[in-house]
Structure formats: C-alpha cells, structure tokens
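Report on one structure; see the data block that follows.
A short reminder: the numbers here are calculations on the coordinates, not readings from a lab. Quick caveat: nothing in here was measured; it's all calculated off a predicted structure.
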Amino acid sequence: MEFECQVSTEVSKNLVDCVDNSFGQQGKPNQFNSKLEAENLGISEQTSDSYTEKEKIALSKPTLTKKPNSDSCGSKQFLSSDVVLNSRRSITDLPPALLSEILNFLDPKELGMVSCVSTYLCRLASEHHVWKDFYCERWGNSTVPTSLGSGVSDEMSWKEFFVEREFRSKTFMGRYSIDVMYGHNEAVLTVFLLASAKLIFTAGYDQTVKMWNMEEGLLIASSRSLGCTIRAVAGDTKLLVAGGTDGFIQCWRAVEGFPHLFDIKGPQNQNTEFRLWEHEGPITSLALDLTRIYSGSWDMTVRVWDRLSLKCVKVLRHSDWVWALVPHDLTVASTSGSDVCIWDTSSGRLMTIIHSAHVGNTYSLARNNTGDFLFTGGEDGAIHMYEITSHGLETNALLVATWVPHSGCVYSLAFEFPWLVSASADGKLALIDVRKLLRTRKHDSGKRFSCVKLVDRSSMEPPQRMLHGFGKNLMSVGIGADRIVCGGDEGVVRIWNFTEALEIERRVCALKAIRLENRMRRRKLHLENSSKGSRNDQCSVAAKKNPVTGDRSGWHSKRALSGKLKS
C-alpha cells in the first residue's frame, strides 16, 4: 500500500511535534506544553525557532499517512494541535462542577476507590457533599451526629462520620457483655432506646414506666402507677408517650434544665404531663415524628395526632386488631391481623395492602430511614423484607427476602443500618445484616435512594448471629449506640453491650497499622540491601574481569614465574 504526505505542512509539523515530544523528550516535560500554549494563542511563527536539532531532522522527513481519495482530502483536515491536546487530557481536566456531578452518581465504595487515584481526586471525593446524603440515608440524621460517643471530634467531615459509623456497625459481630437491670415486678412488654440522650424507657404489666441510664445500667426514675398495663412507649428529646390498655396515651413534656429530660416520678403537673383520650381499646403501638403522634389499638384503628394542638387529625380504620405501626414521612405502615397496610396520612387513603403477609397475625414492623424497605415479623416465626415502590398514585410492595430464624412468634423488630434485630417467643434474638441486599441509586430528580439487588430468595443467607440464653418470651427489642436492649416475661431488662468489641477492633486496627508500617520498613531495608548487594556483585564481576586484581594470567602471574626462573 502506498503512503505519502497528503496533509498540510502545518498539520505535519504538529503531529511530528507531538510524537517527538511524547517519545523523545522525557527529560524536557515543559517544552511541549509551552509550544501547544503558543499555538493556542496564535503565535505559530515563533515555534520554528524553538525546535531542537532532533525536531528539525524529524520535520525534514515526510509524515506517513494513508493516501486518501482526491475528493475527500479536504474533508480530512481535522487533524490539528487541538486534537492532539485533547487526546492527552484526563478526567481531572474537567471543570470541578462537572466532575462533582459525575461523582454524585457513585456509591460509597466506588467513591472511596476514586479517592485512591490521585491527591486531587482524593480531596474532591473526600469533601463531596454526597457523604452527608449517604449518612442521612442510612442513619437518618440531618445534623452533626451526637450519638457516636467519645473519641469523635466535632470537626470531623461527613465522610469521617460515615466511615466511623460504618466501622461501629461491624462491632455487633464481636465480643459483648450483658448487663441485667432489675426493677420491674412483672413482665416487661416494651422497651424504647433513646440513644441521643443515652436513656432507656421500659414498661409492662406492673403499670409503671421506668427510665434507665444507658451507660451505667442504673435506674434513674420510675413513674407512679398509671392504673393499667403499658404496652407501648415512644419518645424523642421533647416528648415521651406511653400507651395503656385503658385506651389513653400518657404524655410527658421535656423539662428545660432537667438532667434527664423528663420528670416522670414527680407529682402530676399539668404543664408537663397530660393524657390523650379517644381510643376505645388497648393501645398496642406508638410512634413519633417532628409534627405528629401515631397510635395503634385493638379497636382496629390507627390515630394520627397533631403534636401542637394535641388533637386527632386522622383516623385510619382497619379490619382487624392493630399490633404494630411504623411511620415515614407522610405514610404509615400498620398491621391488621395477618395483613400489612400502607396509608397516606395526609389524605387517609390506603395506598397498598399486603394480604396474608404471615401465617397467623403479623406482630411486628420495622422500616429503614428512607422508607424504601419494610420488615415484618409474625406468628409463624418468619421475617419478611419488602421493597416499597411508588409510581404516581400506585404503590407496590415487592417481597425481597425471607428468613425463618425462630421457632416461635416474632414479637418485635428493630432496625439500625445495616442490622435488623428480632425478638421471639423462643427466647432468642436474631441479627440480620441486610447490607449485601442493597445498593444505592439516584433518581432523575437528583434524590438518592436504596434499592435491592437481584437475589435468589431460596439461597438467602441465614442470620449472621443468634443471641441465646433465655427460657421465656422476649416481647420487645431496641438497637442503638452499640447496644441491644431487650425485655420479656422474666421481668428484667437485658443490655448487650458491644463497646468492648469496638475497643478491641480499634486495637486490632492499630496493631495492623503497626505491622504494615514494620513490613514496609523491612521491605525498604531489603530493597536497599539488595541494591547494595547488586553493586557488590557488579564490583566482583568487574574484579574477575580486571587483570590487575583477579586474572591469574595477568602481570602478577608472570612476575611470580620470572621469580622462579631467577631462583
């Protein structure tokens, strides 16, 4: 095939300049860039003076290109210095805003891998705002988290907060200690862990609500007798609510300046303590958000209360007893016998219903912070995971996974990413890690959300851990702040404390870092010794070849021979 120079002299010079600089001028890295900048500025007449002798020889040779057709020669004049310049660019040459938008589509693992490429990408990926989205999606905090305990600085970035929380989530597979708290005279039916205030609230058949110190496991206060069994407790840092079998909701407001937020043991004070009446049956479940109170009852209703006016604003009627509920945003999921319903609380519309979710009653519900996943536990000892999807006015619940870790009823579920904890009548707790089932995506609107991976439900992994040691029913469970709290028919409250595992894991990581540093130091010394050894070997080889030092056929041998002849 015939080749000849068909392009213009200027293009040929540009291509020769590019090829010659990329292969022959590694000792002069800035020369090619200065020429390209000059060409971009239009100073083409000065480039010929700055060529080296090697470049002038290369310019004198024709550039070999494939011979084009005569009618298409003019259309192939696109080769220029701009093309050469663009071919040498990388992703870091993109505008920071565009690069930030690209990084916004990555998940935490991919973003961490990108940060290992270069210092520029490390800084850009570490300071990216998406780490706050990741943290809020998993743990639901829109402000700087305060439940991470000691050793966490307020000056940490959101990436560091995320990494710290991920690190802490691994401790539930480590060593633990059990604290047993005595104070109730009868069975404990409900426990509530307020991790942000380091408080635990419990209640049961003895008709009292008790407040415990989470760190020390000591009883702080006990309410007076409320006159009936308390089956549900919920709260935040401003309001504490408890539901009784007489159909009322007992409420305590937080007292400003009070060391433990709520004064539950003092005499009745109308400014801080009140009751809500409208249910006609025992209250079995309670929940709070920023503006509303949710209550479920055996009167087959879920009532939505306004926290400001303390009035019932919506009544959601079911066809069977309501055992559990869990709200999210403007929706609330509730159980009705064996069915699970999802409601729109603003309009009272039933969005979707899961018929016969369990064989027998569905006793417990849990939901992740984004509301995309719903967990159910029932009388058949099974635990189901559903993905909730919405398309306009249509809402669907897709069964994702099923576990059957218990031989008795699953009375309670609690979720803190990535751990789902269940309490059962068989006296066991099951810990299930759902991290492998999830992945992060992004809506067209820009909102991030989690979705499930395609998995085979028949090959689902069993729970990662089972906690044993109980002979009676476990009625309620809570998780948070490296602890699992549980109560049951024994009338005691148990705390599984995994902070010891956290400290052990920190020491292990520190030892690994020391070992890695020592290994790198030994490797460096080994390389230095190897280089010295190679130089010594080279010297010895040179000595063997050198007749002055190593060759016996050299002058010293002849001198010895001449000495023998003289003798």
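If I take every Cα pair under 8 Å that is 6 or more residues apart in the range 269-376, average their sequence separation and divide by the length, what percent do I get for the relative contact order? Kindly include the intermediate steps, with their values, before the conclusion.
Values: 236 pairs, mean separation 17.8, N = 108.
Result for the range 269-376 is 16 percent.
Applying the Karplus parametrisation 6.51 cos²θ - 1.76 cosθ + 1.60 with θ = phi - 60° to the phi angles of the range 347-360, what ³J(HN,Hα) value in whole Hz is obtained for each residue in order, glycine and proline being reported as x?
10, x, 7, 7, 7, 7, 9, 9, 7, 6, 4, 9, 7, x
Take the alpha carbon atoms of the range 502-522, find their center, do the same for the range 335-384, and report the distance between the two centers in whole angstrom.
Each part reduced to its Cα centre gives a spacing of 46 Å.
Distance check, please: which entries in K132/K170; K198/K311; K210/K314 exceed 22 angstrom between their Cα atoms? Numbers along the way, then the final one.
Numbers: K132/K170 20 Å; K198/K311 30 Å; K210/K314 30 Å.
Violating the 22 Å limit, Cα to Cα: K198/K311; K210/K314.
Using θ = phi - 60° and the Karplus curve 6.51 cos²θ - 1.76 cosθ + 1.60, what whole-Hz ³J(HN,Hα) does each residue of the range 282-299 get, with Gly and Pro shown as x?
x, 8, 10, 8, 9, 7, 10, 9, 5, 10, 9, 10, 10, 9, x, 9, 6, 7
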